[in-house]
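Novice: Here it is, the structure, as structure tokens.
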Amino acid sequence: MLDTTRFNTRRRQRRPGAWLHLKGRHVGAWAFALNRLAGLGLVLYLILHLFVLSLLAKGPRAWDDFVALAKSPLILPLDVILLAGILYHGLNGVRIALIGVGIGVRQHKTMFWTLMVIVAVLLAVGTWGFITV
Amino acid sequence: MVKEGEIIMANYHVVIIGGGGTGAALAHDLALRGVRVTVVERGEVTSGTTGRHHGLLHSGARYAVKDQESAKECIQENMILRKIAPGSFELNDGLFVAITEEDLAYYDDFMEGCAVCGIPTRTLTREEALRLEPNLNPEVKLAVQVPDGTMDAMRLVLRFFATAKHNGAVIKPFTEVISLNMEGKTVTGVHVRDHTTGKEYDIGADIVVNAAGPWAEKIARMAGVDVPVQPSPGVLVAVWGRYNNMVINRLHRSGDGDIIVPQRELSIIGTSSWVVDDPDQLEVPEEHIQLMYEKGAEMIPAIKHAKMRAAWSAARPLIGSRGATTGRELSRTFKCFDHADEGVEGFVTITGGKATTARAMAETTADVVVRKLGLDAPCRTREVVLLPHTAYYT
Amino acid sequence: MTEKNVQFKVFRYKQGDTAPHYDTFTVTVNERTTVLDALEAIRRDQDGTLTFRHSCHHASCGTCGMRVNGKEVLACVTNVMELGTPEVVVEPLQNAPIISDLVVDMGGFYETFSQAHLPLIRESEYLPESDVAEGVPFHMRLESCLECGLCLSACPVVGTDPEYLGPATLAAVWRVVQEPRGEDPEALLAWVDSEQGCWRCHAAMECTEVCPSNVDPGGAIMALRGELTRRKIGHLLGQG
């Protein structure tokens, strides 16, 4: 075999960002990457949400200032992104759970596109709700 | 694994040029005899001719009439390989099928030839043949069962390399021989370029063995000698689908497209034959691809519409001087040349042969090599069971 | 036969180089030319130092695995014209140390894979209605896995976690569980029932997507999970 003393190790190097290297990858890898990004986003949102709730402890004026900010039209796109994240992460999570127990393994791509349609529909409904309510 | 008392032999160094089936079996044989071995191969091991064959574990029946020396070699080695490389073969046997009246006329000579060469046969009626292989052409008249099998061309050879390596042999792929080092008319080693580093260096040897297959003549000329090797390519076509579990052969004298070898989920149809000067310039003539489909379909009609996976050619190293027209007239046996007969010391060539007979080629060559080294070391490769192919990498 | 000139942008690296670079070669191709054919032509006519692995030329040995235009393929069955790009980028597989140019070190893979003890020969599921010839115990065939490493290069988890057993090894274990052939499926199931075993997969299914030999490693990993889960539940219920 080739002289392996020329190499430091026969083990693989770690590529921490490998899950984001999507060139040449297919639907499944994109679904995974999106799921992880959405998950990270939701964690950040959770922290933000807890902070906002802590404002309640500071009394009515702090809370009213926040509500006024939340009603601003600049916040709407953020709400849409948040809803998209919740819908995608949740529905793809169901897809992964089904695959994980052996249901729909060969149809995983169809499941992905189906859930994307559902996400789009529910997102549209939700956005309309944000605007009109 | 060099035992006490064998230490003296380990001081002799043999360099083998060519990392194909022959080089692998020879490295294994010499390592078992306690000789220090280095194999140099310009590319990946088996990337020359060996890796490309259709994977037939030959029963020899194809040569039972016209090339009985080769037929006997094949059946003997077939049985030895089953013993030393267990678990490496699809052992479903093979059928020689008669489709036309002309094929039937060949039956008597075929059966006599197989008997003379020691190839076990069993004759089957049309109905029996179709029960074994339902995809056969319904025109089949009869079939003869022989001990053919399928191997993975590269992985069988890797077992020889793995065992040799674990017995101390050094295998150097991507190491190309640029020239032979000589002192007068004695070969003293090889000058190589390591393509993984770009560096050139020398490897000294007591004996250099030329096992370069169809490139054997190119290497031999570096020592100022000639070997009669005629590179003779043939086209093979792999199609998607496994139409037969047994190897299917046409019951006739050698011809194009007269074998279908099942391999995993593919079927390999082979082959054709022509001659070339340069084994690095191999064409894949379109007519030959069509011919494989046509001839294959005469035995298994469904293959006509099978989707192609690959079409390629490989150069057989045939023994014979220039002047052959298609290569089919040359023998498939092998020959070992000790170039001391031509005044060049320290240099031996082994060429010819078939994938199935690599071990026998190695035995003959190793006998010559240890005789030249003045050693008394018998061959043990008929008995020693080979390591699994994964051991080549670990 | 139509002919066309195609540019090949090939990854180059030799031991001792501080960094890799790309060389561009022009090759005349026709409708049958594969990427492997083109690489051989480059090595023969333009640059004899180009190193790449190949052997069988028909998707059986698995050695010519590489990335072509970013996708993991076997070069011997990748048709150049069908790629449809005027420039073809050729790079080595990911997640294995590079030896030189397009050659990677498969030693690390084999150290893990060989522990699955996958026998090379399995029962053939083809033509079940046919009889077996006299003297032949049962119809057999070579296992599908070519050990090509395409799945390992494509898997995002193999990329981030060097300890993960990986799709090829897990698929091999599933094959032994399905058809033991004298090996020990219990020990293997215990081996893959671990953080770095079948539970590490994130169902990206890239392995199944790129496999050239219908191994469906993704499906095998889910089957292993199913088998292990069934046993755990049975165990729990058995105790309840």
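The values are calculated or read from the model by the stated rules, or taken from the named source; none is laboratory data. In this text, all values refer to a predicted model and were calculated from it rather than measured experimentally. Neighbour counts run over all protein chains shown; Cβ positions are idealised from the backbone, glycine included.
Novice: Under the condition of being among the charged types (D, E, K, R) and in contact with a strand residue (DSSP E or B) (Cβ under 6 Å, 6 or more places away or on another chain), which residue from region C:73-101 is nearest to B:LYS172 (Cα to Cα)? Reasoning before the result, please.
Specialist: Here is the first cut: in region C:73-101, the residues among the charged types (D, E, K, R) are C:82, C:87, C:91, C:101.
Still in the running and in contact with a strand residue (DSSP E or B) (Cβ under 6 Å, 6 or more places away or on another chain): C:87, C:91, C:101.
On the way: C:GLU87: 33, C:GLU91: 23, C:ASP101: 17 Å.
Top of the filtered list is C:ASP101.
Novice: OK, next. Is it true that some residue in region B:231-240 is surrounded by fewer than 24 Cβ atoms within 10 Å (Cβ to Cβ), over 20 Å from the mean Cα position of the chain (by Cα) and over 23 Å from B:GLY353 (Cβ atoms)?
Specialist: yes
Novice: Condition first: part of a helix (DSSP H, G or I), over 14 Å from C:LEU152 (Cα atoms) and in the same structural domain as C:CYS151 (by TED's automatic domain parsing). Can you find one or more residues in region C:201-210 that meet it?
Specialist: No - not one qualifying residue is present in region C:201-210.
Novice: Right, next: Quickly run through region B:215-251 and pick out the residues that are of a type in the set (Gly, Ala, Ser), within 14 Å of chain C (Cβ to nearest Cβ) and either assigned to a helix (DSSP H, G or I) or under 30 Å from B:ALA105 (Cβ atoms) (or both).
Specialist: The one that is of a type in the set (Gly, Ala, Ser), within 14 Å of chain C (Cβ to nearest Cβ) and either assigned to a helix (DSSP H, G or I) or under 30 Å from B:ALA105 (Cβ atoms) (or both): B:GLY234.
Novice: Would you check if there is a residue in region B:272-282 being within 11 Å of chain C (Cβ to nearest Cβ) and of a type in the set (A, V, I, L, M)?
Specialist: First, the residues of region B:272-282 that are within 11 Å of chain C (Cβ to nearest Cβ): B:278-282.
Now narrow it down to the ones that are of a type in the set (A, V, I, L, M): B:282.
Checked region B:272-282: at least one residue is within 11 Å of chain C (Cβ to nearest Cβ) and of a type in the set (A, V, I, L, M).
Novice: Name every residue in region A:88-110 that is in contact (Cβ under 8 Å) with a residue 60 or more places away in the chain and closer than 17 Å to C:GLY219 by Cα, in order of residue number.
Specialist: Within region A:88-110, A:ARG95, A:ILE96, A:HIS108, A:LYS109 meet the criteria.
Novice: When you scan region B:198-214, do you find a residue that is aromatic (Phe, Trp, Tyr), assigned to a strand (DSSP E or B) and outside the structural domain of B:GLY20 (by TED's automatic domain parsing), even just one?
Specialist: As a first pass, look at region B:198-214 and keep what is aromatic (Phe, Trp, Tyr): B:201.
Imposing the further condition that a residue be assigned to a strand (DSSP E or B) reduces the set to B:201.
After this cut, where a residue has to be outside the structural domain of B:GLY20 (by TED's automatic domain parsing) as well, the list is none.
Scanning region B:198-214, I find no residue that is aromatic (Phe, Trp, Tyr), assigned to a strand (DSSP E or B) and outside the structural domain of B:GLY20 (by TED's automatic domain parsing), so the answer is no.
Novice: Return yes or no: is C:ARG175 closer than 30 Å to B:ASP148 by Cβ, in contact with a strand residue (DSSP E or B) (Cβ under 8 Å, 6 or more places away or on another chain) and within 9 Å of another protein chain (Cβ to nearest Cβ)?
Specialist: no
Novice: Just the residues that are assigned to a loop (DSSP other than H, G, I, E, B), facing another protein chain (nearest Cβ under 8 Å) and of a type in the set (S, T, N, Q), please, taken from region C:18-57.
Specialist: If the condition is that a residue be assigned to a loop (DSSP other than H, G, I, E, B), facing another protein chain (nearest Cβ under 8 Å) and of a type in the set (S, T, N, Q), then C:THR49, C:THR51, C:SER55 are the ones that fit.
Novice: If the requirement is being small (Gly, Ala, Ser), within 14 Å of another protein chain (Cβ to nearest Cβ) and either within 30 Å of C:PRO119 (Cα to Cα) or part of a loop (DSSP other than H, G, I, E, B) (or both), which of these qualifies: B:ALA362, B:ALA391, B:ALA377, B:ALA358?
Specialist: Matching residue, one of B:ALA362, B:ALA391, B:ALA377, B:ALA358: B:ALA391.
Novice: Take the residues of region A:9-50 that are loosely packed, with under 11 Cβ neighbours inside 10 Å and modelled with pLDDT under 90: which is farthest from the other protein chains (Cβ to nearest Cβ)?
Specialist: A:GLY17
Novice: Need the failing condition index for B:GLU176 against (1) within 19 Å of the chain's Cα centre (by Cα); (2) touching a residue at least 40 places away in the same chain (Cβ under 8 Å), just the number.
Specialist: The number of the failed condition is (1).
Novice: Still on this model: Take the residues in region C:77-117 that are more than 14 Å from the chain's Cα centre (by Cα) and among the acidic types (Asp, Glu); name whichever of them is farthest from the other protein chains (Cβ to nearest Cβ).
Specialist: C:GLU87
Novice: Something else: Picking from B:ALA220, B:ALA169, B:ALA211, which residue would you name as being among the small types (Gly, Ala, Ser) and either surrounded by fewer than 22 Cβ atoms within 10 Å (Cβ to Cβ) or under 18 Å from the mean Cα position of the chain (by Cα) (or both)?
Specialist: Answer to the check: B:ALA211.
Novice: Go through region C:166-189 and count every residue that is assigned to a loop (DSSP other than H, G, I, E, B) and either buried (at least 24 other Cβ atoms within 10 Å of the Cβ) or not assigned by TED's automatic domain parsing to the domain that holds C:LEU120 (or both).
Specialist: Residues flagged as assigned to a loop (DSSP other than H, G, I, E, B) and either buried (at least 24 other Cβ atoms within 10 Å of the Cβ) or not assigned by TED's automatic domain parsing to the domain that holds C:LEU120 (or both) within region C:166-189 amount to 1.
The rows are residues; the columns are (1) acidic (Asp, Glu); (2) modelled with pLDDT of 95 or more; (3) in contact with a Leu (Cβ under 7 Å, 6 or more places away or on another chain).
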site	(1), (2), (3)
C:PRO137	no, yes, no
C:CYS148	no, yes, yes
C:ALA154	no, yes, no
C:THR169	no, yes, no
C:ARG175	no, yes, yes
C:ASP184	yes, yes, no
C:ALA187	no, yes, no
C:CYS198	no, yes, yes
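Novice: Another question, then. Starting from region C:201-224, keep only residues that are in contact (Cβ under 8 Å) with a residue 60 or more places away in the chain, then list their pairs with residues that are of a type in the set (Lys, Arg) and in a helix (DSSP H, G or I) whose Cβ atoms are within a distance under 7 Å, requiring at least 6 positions of separation or different chains.
Specialist: Qualifying pairs under 7 Å: none.
Novice: Considering each of B:LEU156, B:LEU95 in turn, give the residue that is within 11 Å of chain C (Cβ to nearest Cβ), assigned to a strand (DSSP E or B) and surrounded by 24 or more Cβ atoms within 10 Å (Cβ to Cβ).
Specialist: Answer to the selection: B:LEU95.
Novice: Condition test on C:LEU74, is it within 25 Å of B:ILE178 (Cα to Cα) and facing chain B (nearest Cβ under 10 Å)?
Specialist: no
Novice: Residue check: is B:VAL261 under 22 Å from the mean Cα position of the chain (by Cα) and either more than 18 Å from B:ALA153 (Cβ to Cβ) or not assigned by TED's automatic domain parsing to the domain that holds B:GLU101 (or both)?
Specialist: No; evaluated as a whole, the condition is false for this residue.
Novice: Moving on. All but one of (1) more than 10 Å from every other protein chain (Cβ to nearest Cβ); (2) farther than 30 Å from B:THR175 by Cα hold for C:GLY135; state the number of the condition that does not hold.
Specialist: Evaluating C:GLY135 over (1) more than 10 Å from every other protein chain (Cβ to nearest Cβ); (2) farther than 30 Å from B:THR175 by Cα leaves (1) as the failure.
Novice: If I ask for residues that are out of contact with any helix residue (DSSP H, G or I) (no Cβ under 9 Å at 6 or more places or on another chain) and at pLDDT 95 or above, which ones from region B:306-322 would you list?
Specialist: B:LYS307 - this is the single residue of region B:306-322 that is out of contact with any helix residue (DSSP H, G or I) (no Cβ under 9 Å at 6 or more places or on another chain) and at pLDDT 95 or above.
Novice: In region A:99-133, which residues are surrounded by 17 or more Cβ atoms within 10 Å (Cβ to Cβ), among the aliphatic types (A, V, I, L, M) and farther than 27 Å from A:LEU78 by Cβ?
Specialist: Within region A:99-133, A:ILE99, A:VAL105, A:MET111 qualify.
Novice: Still on this structure, please answer the following. Counting just the residues of region C:200-235 that are farther than 13 Å from C:ALA154 by Cβ and polar (S, T, N, Q), which one comes out surrounded by the fewest Cβ atoms within 10 Å (Cβ to Cβ)?
Specialist: C:ASN214
Novice: Considering (1) of a type in the set (Ser, Thr, Tyr); (2) surrounded by fewer than 22 Cβ atoms within 10 Å (Cβ to Cβ); (3) part of a loop (DSSP other than H, G, I, E, B), say which one B:SER179 fails and leave the rest.
Specialist: (3)
Novice: Here is a check on your reading of the model: is B:THR22 modelled with pLDDT of 95 or more, surrounded by fewer than 24 Cβ atoms within 10 Å (Cβ to Cβ) and more than 14 Å from chain C (Cβ to nearest Cβ)?
Specialist: So B:THR22 does not fit the description; no.
Novice: If you don't mind, there's one more thing I want to ask. Which numbered condition in (1) among the hydrophobic types (A, V, I, L, M, F, W, C); (2) over 30 Å from B:ALA129 (Cβ atoms); (3) facing chain B (nearest Cβ under 7 Å) is the only one that C:LEU120 fails?
Specialist: C:LEU120 satisfies all of (1) among the hydrophobic types (A, V, I, L, M, F, W, C); (2) over 30 Å from B:ALA129 (Cβ atoms); (3) facing chain B (nearest Cβ under 7 Å) except (2).
Novice: Looking only at helices (runs of 4 or more DSSP H) that lie completely in region A:23-125, which have at least 3 residues being under 30 Å from C:CYS198 (Cα atoms) and of a type in the set (Gly, Ala, Ser)?
Specialist: Output list reads A:27-54, A:76-100.
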